[in-house]
Every structure is written in C-alpha cells, then in structure tokens.
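Chemist: The structure's right below; bear with me while I get my questions together.
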Amino acid sequence: MTEINDRIGSYGFMVEPFHADFTGRLTLAVLGNHLLNCASFHAKDRGFGIGTLNQQHYTWVLSRLVVEMEEMPSEYDKFTVETWVEAVYRLFTDRNYRIAAADGRTLGYARSVWAMIGMDDRKPVEMTKVNDGRIMDYVTDYPCPIDKPARIKLAAPRLATTHRVTYSDIDINGHVNSIRYIEHILDAFDISYFKDTAVKRFEIAYVTESYYGDTLDVWIEEAGDKAFNVEIKKDGGKSTVCRGHVSFG
C-alpha cells in the first residue's frame, strides 16, 4: 500500500495467471474483487472499516458499481488501484477508483455507491451519525471523469441463460456474492464478444439479495452498437435481483 495523501489510498497488484481469461487479460470479476478490497483497506485504515462497524452491528453494502476501462492489464502486469470518497449523503456514499499501469498510465476508472445498514434489521443507517461522522473527514474532489451510474430500464428483453445458485456463489453473509453477479452477466454473452472485443463499460445496480437454491434468470436487451442492458430476476421473474449494462468495444 502507498498513501497518496490522507484521503486517497493506492494499492498495488499483479495479474496472476489464474486471474486472467483466455485472452491473457485480467477478468472483470477479479478486478471487481480488487476494487472492493481496496475500499475495505481504505475504510479500515481511516476508522470506518467493516470490522469497526460490525462491533456496532453495522455493515457496508454495495449498491452500485461502474467500471470503465480503456485497457485491461495483462498476465504478469503490475498495476495500482487508487480509491477515495467523493461524497457522503445521509444514507449513501460515493467511492471512486483509478486503475493505473506500472508506468503511471491510466487504464480506467470506476465509481461505486455504498450504503451502511444494520446487521440485525438490514435497514439503512444514517452514516454521518456513526463514529462522529468520521467518514466526512476524507471526502475529496480528486477527479473521476467517467459518467455516474445511469438508471437502467429494459423494455423487451430476451432470456439469455438461467443459473441455479450453488455453494460457490455464497459469501460469508449467506447470500450471493456481489461479484458473482458480474460473472453471471458476462457468462450470458457468447465467447466471441471477448475474443474480438473487450468490455469497455460495465454497470451493475443491486436491488435485492438472492440465496442458495434460488434460480436466477439473466435477461438481455440490445441498447446500441455492442451495448446491452441486462436484468437478473428470481422467483420465476417476480423479483429483480440486479440490473446492469455492458458495452463492448
């Protein structure tokens, strides 16, 4: 870890062979894991990490994630992830990221929206009142030039694939890991998309949780040239689990 300043954290990684796909590039799911880990590191070092919150029966929940990449690092490449808090609202906070190559070039950016909830009742918590609002001390206007998450709507999607939630989907909280939805969405596309192009922008908005044994239906609708809106539903289509957007280029 390298501290840029007291508000921005920078964390180093290398693309291990088992973190790359068949093209030799880092997978979006592994990058997503790195982003979430960096958020955890950054928050922990500043006194509002999940361990501290758990002692008060609070926890962090990822609400939205947007990743926009110009270039994905390749096998054995070293890269860094910078992260910082852009804004804090009553019930949500905006956290941003910059992904940079070893030579300092910007590879991409990401935006995320987080909520703080009670572990017992799962209800939102007013985070400015937790730990004397310490999180407010780390808000910074460090630039993140990509668009914020959009409201995703599907009008006439097609059913692309169905997945039954199994052991490997479930995280320590007992529900499907947020990164697994990224994998399920990307798995709904033919492999030619990843052979001939790459994911340039990926958005996901989480709506409700899903659990072991649930059946997840992945619906896709075209939203432009090599761009698609996606929705994952459960309970036979009655409940939306998450919505997303994928642009290839």
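The values are calculated or read from the model by the stated rules, or taken from the named source; none is laboratory data. Just so we're clear, the structure is a prediction, and the values are computed from it rather than from any experiment. So basically every Cβ, Gly included, is an ideal-geometry build from the backbone, and we count neighbours across all protein chains shown. These area figures cover heavy atoms from the full protein model, side chains too; ligands, DNA and RNA do not enter into them. Shrake-Rupley method; radii C 1.70, N 1.55, O 1.52, S 1.80 Å.
Chemist: Can you tell me which residue within the range 1-32, out of those that are farther than 16 Å from Leu107 by Cα, among the β-branched types (Val, Ile, Thr) and at pLDDT 95 or above, is surrounded by the most Cβ atoms within 10 Å (Cβ to Cβ)?
Modeler: Ile8
Chemist: Continuing with the same structure: Of all residues in the range 68-87, which are within 15 Å of Thr128 (Cα to Cα) and buried (at least 19 other Cβ atoms within 10 Å of the Cβ)?
Modeler: Val85
Chemist: When you scan the range 66-81, do you find a residue that is hydroxyl-bearing (Ser, Thr, Tyr), within 26 Å of Gly249 (Cβ to Cβ), in a strand (DSSP E or B) and under 13 Å from the mean Cα position of the chain (by Cα), even just one?
Modeler: Within the range 66-81, not a single residue is hydroxyl-bearing (Ser, Thr, Tyr), within 26 Å of Gly249 (Cβ to Cβ), in a strand (DSSP E or B) and under 13 Å from the mean Cα position of the chain (by Cα).
Chemist: Go through (1) of a type in the set (A, V, I, L, M); (2) open to solvent by 20 Å² or more (accessible area, probe 1.4 Å); (3) over 18 Å from Gly32 (Cα atoms) one by one and return the number of the condition Val241 breaks.
Modeler: Unmet condition: (2).
Chemist: Moving on to the next point. Restricting attention to the range 161-177, does a residue exist that is at pLDDT 95 or above, in a loop (DSSP other than H, G, I, E, B), of a type in the set (D, E, K, R) and farther than 20 Å from Ile50 by Cβ?
Modeler: No, the range 161-177 contains no residue that is at pLDDT 95 or above, in a loop (DSSP other than H, G, I, E, B), of a type in the set (D, E, K, R) and farther than 20 Å from Ile50 by Cβ.
Rundown of residues vs (1) loosely packed, with under 15 Cβ neighbours inside 10 Å; (2) in a helix (DSSP H, G or I), yes/no style:
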site: Arg95; (1), (2): no, no
site: Ala100; (1), (2): no, no
site: Val113; (1), (2): no, no
site: Arg122; (1), (2): yes, no
site: Ile135; (1), (2): no, yes
site: Pro145; (1), (2): yes, no
site: Arg151; (1), (2): yes, no
site: Arg180; (1), (2): no, yes
site: Ile185; (1), (2): no, yes
